[in-house]
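Accompanying notes for the structure given below.
The values are calculated or read from the model by the stated rules, or taken from the named source; none is laboratory data. Bear in mind the structure is a predicted one, so any value in this text is a computation, not a measurement. Here the Cβ positions follow ideal geometry from the backbone for every residue, glycine too, while neighbour counts run over all protein chains shown. Please note that ligands, DNA and RNA were not included when accessible areas were found on the heavy atoms of the full protein model with its side chains. Shrake-Rupley method; radii C 1.70, N 1.55, O 1.52, S 1.80 Å.
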Amino acid sequence: MAAGRLPASVTLLLLLLAATAVAPLASAVRPVSDAHRSAAAELFAASPDGSFGDVERIYEAVRTFQILGVEKDKSLTGEACKVAAEKLASSSSTAKDLFHAVRISGVLGCGVDSGVYDDVATKLKAVIKDTNSLLELYYSLGGLLSIKEKGHNVVLPDADSTFHAIKALSQSDGRWRYDTNSAESSTFAAGVALEALASVVSLADSEIDPSMIAVVKNDIVKLFDTIKSYGMVYSDDIRAFVPLILSLPSKVFSLTSKDQLKVEVTTVFGSAAPPLRVNLVQVLGSDSKVITTEAKELQFDLDSNVHYLDIAPLKIDVGKYSLVFEISLQEPEHETIYAIGGRNTETIFVTGLIKVDKAEIGISDNDAGSVESVQKIDPQKDASVSLSANHLQKLRLSFQLSTPLGKTFKPHQVFLKLKHESKVEHLFVVPGSARQFKIDFLGLVEKFYYLSGRYDLELAVGDAAMENSFLRALGHLELDLPEAPEKAPKPPAQAVDPFSKFGPKKEISHIFRAPEKRPPKELSFAFTGLTLLPFVGFLIGLMRLGVNLKNFPPLSAPAVFASLFHEGIGAVLLLYVLFWVKLDLFTTLKYLSFLGVFLVFVGHRALSYLSSMSAKQKTA
């Protein structure tokens, strides 16, 4: 810890608490949520080299997690305990490292042997005896106090001399120096010294000299006088208040669904607040104009722990409003515990259905308003008006919008679109405050690219407060424009849909040629018979030769091979038939190759047996 500067995470936590202390004066403040806790957990992550920083940073992280109630990852907890154990066991660890390592072990409950703490206590006592640095004394005494708080018997010998050593660094204005060689003093060092003195009192085996305590009290008075000179005030009765936060679960309300105004009051960490009253004391418009100053107390729902109020009696219209609340505690004793601050201002947005009246569209001949044709329309429904005009006429559109309370409503966005049959579009912005809108075609002939023909009309009206924003087709307009001169601008090329190539293609018409004339069936059957003649001749030849089974092997093994050989021959003949009626050439050759290998194997075994039998008969 550098002199005069708080660690980053401690500063962050103090800023958080300071912010919540003045939360009633601000708007859009919410208690610490799971999202905040998740963000805090992500801050404690290993650096690119796999380390988690120094031991001080690790302690700041785990302590912040403990205060915020963040559930720590087991791997991170194990890594933090490992770092702490290494620092406690190392002989080269400084008093600052030992101080933070003991506190990490205390927060996480790391398993450290009691003998290790005894060794650490011995090291810290040695530092106290030899140092004249305020920070070294602070770290050493803080480490000993943390060990004592873990249940170990730690006593500071010669506590009076340590007390005197720290007191010797004080200045006449109540501030402290960091060591005897330093001439610079600060109020931050005074805070460090006072905390170190408190540790001495806690660790002493006997009561500290009362006169020394009185001297320190006098130094504290001087210190606060110094602080007061900077414009700060303090009280002899110092209390720690728990700040209460007022927040709205939802800031958008619908007049149509008659939403209720709901208010939550919690502590900074989201805990339930004590019994209290919430009053709506003022409603301001978006222009800071006061809408109402009649105070209304919100009802309390015990089940949902929210205060609520119906917004209908407030007589507010659609738009943006600022609500001013006041909180009051019901029990007087809670006033010394909780800080409620002053008035709380929250911004809300109210939506509703907007009424559309007197909607008309027509064609006029001139600015005097000589109307050739006009038609009433309902913009809430698609219409199918049919209009026609030339370049000397004007298109007129008029309608009125009113809020649920009958006030004139000015929407943020009003567009009128004219789309030509060639897909060329023209978009006109209608001023929200205008009750009547006109398009003078004479001045827009070039903008329309001199394209005569049919234009589809569409009207779009939208606003964040308008629950019934709409985009409606109004009908079409037949527009007659003059012929385009030679140098007139051409309409822009229309974008091609990149997915159009995947759409349906044009149908392909094709006529197949007439089939060739085939021979008579009788001729086909005659040729089929001729192809069977060789097979018939083969059967006749077998019969003439007197084929028999006299040489069929009588032994079982040769008989099996002979049978498989004849079956393979039959399979080849069957394959020929299948080739003729079903199989293609390549499939037939594939099967024939397997059958050929099979026939060679079994045929060789069968013929070898017959050859050996023939040789035996000749020798006999």
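Measure off, as a whole percent, the carbon and sulfur share of the 1.4 Å-probe accessible area of segment 34-227, all protein chains present.
C and S fraction of accessible area: 51 percent.
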### Query
Just going by the charge dipole of the chain, with Lys and Arg at +1 and Asp and Glu at -1 on Cβ, which of Ile354, Leu329, Leu302 is farthest out on the positive end?
Ile354
### Task
Calculate the dipole size of segment 461-554 relative to its Cα centre from +1 charges on Lys and Arg beta carbons and -1 charges on Asp and Glu beta carbons; express the result in debye to the nearest 20.
1360
### Summary
Rounded to the nearest Å, the spacing of the alpha-carbon centers of segment 454-502 and segment 153-186 is 84
### Query
Taking Lys407 as the anchor, which aspartates and glutamates have their alpha carbon closer than 19 Å to its alpha carbon, excluding any fewer than eight residues away along the same chain?
Asp287, Asp317, Asp357, Asp463, Glu467
### Summary
Treating only Lys and Arg (+1) and Asp and Glu (-1) as charged, each at its beta carbon, one finds that segment 242-351 has a dipole about its Cα centre, in Debye to the nearest 20, of 400
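Among the listed pairs Lys262/Lys320; Lys258/Lys358; Lys417/Lys447; Lys417/Lys487; Lys96/Lys150; Lys148/Lys217, which have their C-alpha atoms separated by more than 21 angstrom in this model?
Lys258/Lys358; Lys417/Lys487; Lys148/Lys217
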### Query
Under DSSP H, which helices of the chain have Cα atoms covering 30 Å or more of the helix axis and a Kyte-Doolittle average no less than 1.6?
556-581
### Summary
Honestly the chain on the Cα gyration tensor test (a ≥ b ≥ c root eigenvalues; a/c under 1.5 rounded, otherwise a/b vs b/c for prolate or oblate) is just oblate
## Note on the structure
For the chain, the per residue accessible area (1.4 Å probe, Å²) is 61
### Query
With each label point set 7 Å from Cα along the Cα-Cβ vector, what nm distance links Gln375 and Leu610?
10.1
### Message
Taking the Cα centre as origin and putting +1 on Lys and Arg beta-carbons and -1 on Asp and Glu beta-carbons, what dipole magnitude results for the chain, to the nearest 20 debye?
### Response
4160
### Task
Place +1 on the Cβ of every Lys and Arg and -1 on the Cβ of every Asp and Glu in the chain, take the dipole about the Cα centre, and give the residue among Val281, Ser271, Ser172 whose Cα lies farthest towards its positive end.
Ser271
## Note on the structure
Quick shape check on segment 526-592: root eigenvalues a ≥ b ≥ c of the Cα gyration tensor, a/c under 1.5 is rounded, otherwise prolate if a/b tops b/c, else oblate, and it reads oblate
### Task
Determine the share of segment 357-484's accessible area contributed by carbon and sulfur atoms, expressed in whole percent, with a 1.4 angstrom probe.
47
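Quick one: length gained pulling Ala484 to Asp209 fully straight, 0.36 nm per residue minus the C-alpha distance?
88.2 nm
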### Message
At 7 Å along Cα-to-Cβ for each site, give me the label-to-label distance between Ser202 and Val536 in nm.
### Response
12.1
### Query
How many percent of the accessible area of segment 242-351 is carbon or sulfur, using a 1.4 Å probe?
48
### Task
Check each of the trypsin sites (Lys or Arg not before Pro) in segment 529-606 and keep only those in coil by DSSP with at most 14 other C-beta atoms within 10 angstrom; list them in order.
Lys550, Lys582
### Query
Lys410 to Glu446: FRET efficiency via 1/(1 + (r/R0)^6), r the Cβ-Cβ distance, R0 30 Å, to the nearest 0.05?
0.40
#### Entry: For the chain, with +1 on Lys and Arg beta carbons and -1 on Asp and Glu, the positive-most of Gly541, Pro379, Leu203 along the dipole
Gly541
### Message
Give the lysines whose C-alpha is closer than 29 Å to that of Lys505, dropping any in the same chain fewer than 8 places away, or say none.
### Response
Lys419, Lys423
### Query
Leaving out same-chain residues fewer than 8 places away, which lysines sit with a Cα under 19 Å from that of Lys550?
Lys616, Lys618
